[in-house]
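As structure tokens, the structure follows; a few thoughts come after it.
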Amino acid sequence: MESEGIAGIEQFDSPGKGRGLRLSRACGVGELLFSCPAYSYVLSVNERGFICEQCFTRKKGLAKCGKCKKAFYCNVNCQKKNWPMHKLECHAMCVFGENWCPSETVRLVARIIARLRHQRERSPSEKLLLLRDMEGHMEDMDNEKREMNEAHIAGLHHFYSKHLDFPDHQALLTLFSQIHCNGFTVEDEELSNLGLAVFPDIALLNHSCCPNVIVTYRGINAEVRAVQEIRPGQEIYTSYIDLLYPTEDRIERLRDTYYFSCDCKECKTKSMDMEKIKVRKLSDEISQKEIRDMVRYPRNAMEDFRRLLEMCELSIDKMSPVFDDANIYVLHMMYQAMGICLFMENYDGAVRYGEKVMKPYTVLYPAFSLNIASMYLKMGRLYIALDRKSTGISALQKALAIMEVVHGKDHTYVTELKQEIRGE
């Protein structure tokens, strides 16, 4: 299968990083570099009934599958296009009933196997890189990740054995490892999880904590847009992780999931770390051990008590006398508290926490960050719901300015937000 390439994009050996992509032309902020359709994808079960399984369009009045009653589509055309993948699950969902519970990763791999069985030529998702050539880092996996892969394989056999012929065990281990490193969480404009997908050509983008491109989604297509001016011959980088965290945390996350350390300018200089972990000036000395213990406390709370508002508030109260309000661990707990308030429909509480998060976000994240845009969206809609319309419109306009760059001015999200601002 010969590579047809992508106009203006070159694959090359990036020093110290392996394969990478660079531009052969100049590119301005907000410009679309290239797009890539998903090789395979699955909609999150939590979004069923709200989003079309085939094209990922959110709309009312979706038609449900007549057999399983659990898959929803825009129309008959979407349902027919999706049937080769949905048939892997339709009968099984009827048989297993409430016991049908494969993970999104298992569901995605099942669809990849089904597609590979019939693929005879390079797909539009593989103009630069074949799916089978994606990096998997099997040799770097620890026992916990190996056991997770074995559990995924067991789930695959349990839920899909009647509808799929599986490759051998080693091939399955390789495929699950590749998805672990290269699977993309497809998100909407508020960064809500819509599903899981794999985009082989996008997987060639290397990581930087100072990214010059961003990956966003238009239905089941991933789009790569510039968030900085890029010169011809310059490598293009995206970020694999949340950039809010200080250097030590970012490197730990990269090592744990992607098996490398970053050597970008920000990781070398740590220029934002002092701002991100700012401590208040106190009359009494606070030891480094006490600070580490305070950081450990919210980390554990975020994992074990994610939806418990009182635990978030207790953690914030514990840290506030020592940590600045812009300290990222305080911010993270405030963000969690905001989310819990939204879940409990305590909108005044959500606004109170959101306002404390918003200003530090604009300092700590890159200018064209989806995290900032999603916060402006949430806050704008909250303000309007609380009859603070002018403040809400102002927040939505700030979200729009970012979204026009990262999603493109013709994106549905942008069009719908403009209508929302106009009150249509």
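The values are calculated or read from the model by the stated rules, or taken from the named source; none is laboratory data. In this text the structure is predicted, and so the values were computed from the model without any measurement. As a convention, Cβ positions derive from the backbone with ideal geometry for all residues, glycine included, and neighbour counts pool all protein chains shown. These area figures cover heavy atoms from the full protein model, side chains too; ligands, DNA and RNA do not enter into them. Shrake-Rupley method; radii C 1.70, N 1.55, O 1.52, S 1.80 Å.
Could you give the length gained by full extension between HIS163 and ASP133, i.e. 0.36 nm per residue of separation minus their alpha carbon distance, to one decimal place? Don't skip to the end; give the middle numbers.
On the way: separation 30, 0.36 × 30 = 10.80 nm, distance 2.58 nm.
The HIS163-ASP133 span can extend by a further 8.2 nm.
Please report the relative contact order for the chain, taking Cα pairs under 8 Å with a sequence separation of at least 6, and give it as a percent rounded to a whole number. Numbers along the way, then the final one.
Details: 663 pairs, mean separation 69.9, N = 424.
Relative contact order of the chain: 16 percent.
From the square roots a ≥ b ≥ c of the eigenvalues of the alpha-carbon gyration tensor of the range 329-391, which class results: rounded (a/c under 1.5), prolate (a/b over b/c), or oblate?
Working: a/c = 2.17, a/b = 1.27, b/c = 1.71.
Oblate, since a/c reaches 1.5 and b/c is not below a/b.
Calculate, in nm to one decimal, what VAL76 and TRP100 gain on full extension: separation in residues at 0.36 nm each, minus their alpha carbon distance.
Numbers: separation 24, 0.36 × 24 = 8.64 nm, distance 2.52 nm.
The VAL76-TRP100 span can extend by a further 6.1 nm.
Among all the aspartates and glutamates, which ones have a C-alpha under 14 Å from LYS70's C-alpha, if same-chain residues fewer than 8 places away are not counted?
Once the sequence-local aspartates and glutamates are set aside, what remains near LYS70 is GLU47, GLU53, GLU89, GLU98.
Going by the alpha-carbon gyration tensor, a ≥ b ≥ c the square roots of its eigenvalues, is the range 189-265 rounded (a/c under 1.5) or, if a/c is not under 1.5, prolate (a/b greater than b/c) versus oblate? Can you show the working numbers first?
Details: a/c = 1.66, a/b = 1.14, b/c = 1.46.
Oblate is the answer for the range 189-265, as a/c is 1.5 or above yet b/c matches or exceeds a/b.
With every protein chain kept in place and ligands, DNA and RNA left out, what is the accessible area per residue of the chain? Probe 1.4 Å, answer in Å². Each step should come with its number before you reach the end.
Numbers: 21090 Å² over 424 residues.
With all protein chains present, the chain gives 50 Å² per residue.
Nearest 0.05, what FRET efficiency do VAL29 and GLU252 give at R0 = 51 Å with Cβ-Cβ as r?
Working: r = 31 Å, r/R0 = 0.60.
Efficiency for this residue pair is about 0.95.
Would you mind checking the pairs LYS67/LYS87; LYS64/LYS87; LYS276/LYS356; LYS378/LYS398; LYS80/LYS127; LYS318/LYS356 and listing those with alpha carbons more than 21 angstrom apart? Mind dumping the intermediate values first?
Working: LYS67/LYS87 10 Å; LYS64/LYS87 14 Å; LYS276/LYS356 14 Å; LYS378/LYS398 12 Å; LYS80/LYS127 26 Å; LYS318/LYS356 17 Å.
Distance filter (> 21 Å) returns LYS80/LYS127.
Helix 143-160 against the longest principal axis of the chain: what's the angle in degrees, Cα atoms only, rounded to the nearest 10?
Between helix and principal axis, roughly 50 degrees.
Which order, highest average first, do 5-18, 99-112 follow once you tally other Cβ atoms within 10 Å for each residue and take the mean per peptide? Intermediate results must be reported in sequence, preceding the final value.
Values: 5-18: 12.9, 99-112: 19.9.
Put in order of decreasing packing, that is 99-112, 5-18.
Please give every one of the lysines within straight-line cross-link reach of LYS270, meaning a C-alpha to C-alpha distance under 17 Å, and leave out same-chain neighbours fewer than 8 residues apart.
LYS278
Please turn the phi angles of the range 35-42 into ³J(HN,Hα) values with the Karplus equation 6.51 cos²θ - 1.76 cosθ + 1.60 (θ = phi - 60°), one per residue in order, whole Hz, x for glycine and proline.
10, 9, x, 5, 5, 7, 7, 9
Search the structure for amide H atoms under 5 Å from the amide H of THR57, placed 1.01 Å from N in the peptide plane, and list their residues when 5 or more places away or on another chain.
Under 5 Å from the amide H of THR57: CYS52.
Mind giving me the FRET efficiency for GLN397 and TYR347? R0 is 22 Å, r the Cβ-Cβ distance, nearest 0.05 is fine.
0.60
What's the carbon and sulfur percent of the chain's accessible surface, probe 1.4 angstrom, rounded to a whole number? Before the final figure, lay out each step's value.
Working: 10420 of 21090 Å².
The C+S portion of the solvent-accessible surface of the chain is 49 percent.
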